[in-house]
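Worksheet: one structure, shown below.
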Amino acid sequence: MKAEFTAIVKRDGNWWLGWVEEVPGANAQEKTKEELMISLKEAVEDILELRREDARRQAQNNFEEVPLVI
């Protein structure tokens, strides 16, 4: 599945700072913009995977996964 998110990025001195609007907690700080974008992508992937695991754990068993397109 492919999804698109919005990264807010800015330079602060020698650092690049970034946040992902749609995913609370997905933020990073790196020395280059390229490294920042990689870190933000990894942060989003990690957070979404943890949320998937949590949702499945809460559902326990006998659940159905249904694609939701927005």
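The values are calculated or read from the model by the stated rules, or taken from the named source; none is laboratory data. Nothing here was measured: the structure is a model prediction, and the numbers come from that model. Reconstructed Cβ throughout: ideal geometry from the backbone, glycine too, with neighbour counts over all protein chains shown. Just the protein is used for accessible areas: all its heavy atoms, side chains included, with ligands, DNA and RNA removed. Shrake-Rupley method; radii C 1.70, N 1.55, O 1.52, S 1.80 Å.
Points worth noting:
- Residue pairs whose Cβ atoms lie under 6 Å apart, separated by 6 or more positions or on different chains, with the first residue in the stretch 1-19 and without any contact (Cβ under 8 Å) to a residue 12 or more places away in the chain and the second surrounded by 10 or more Cβ atoms within 10 Å (Cβ to Cβ), are Lys10/Leu17.
- The one condition in (1) under 16 Å from Glu4 (Cβ atoms); (2) in contact with a helix residue (DSSP H, G or I) (Cβ under 6 Å, 6 or more places away or on another chain) that Ala28 fails to fulfil: (1)
- Residues of the stretch 31-70 satisfying the condition of being within 16 Å of Ala3 (Cβ to Cβ), in contact with a Phe, Trp or Tyr (Cβ under 7 Å, 6 or more places away or on another chain) and not β-branched (Val, Ile, Thr): none
- Evaluated against (1) assigned to a strand (DSSP E or B); (2) more than 15 Å from the chain's Cα centre (by Cα), Gln29 falls short on exactly one condition, (2).
- Residue that is farthest from Val9 (Cα to Cα) [pool: residues in the stretch 23-70 that are surrounded by 13 or more Cβ atoms within 10 Å (Cβ to Cβ) and of a type in the set (Gly, Ala, Ser)]: Ala43
- Among residues of the stretch 1-22, those that are open to solvent by less than 100 Å² (accessible area, probe 1.4 Å) and polar (S, T, N, Q), counted: 1
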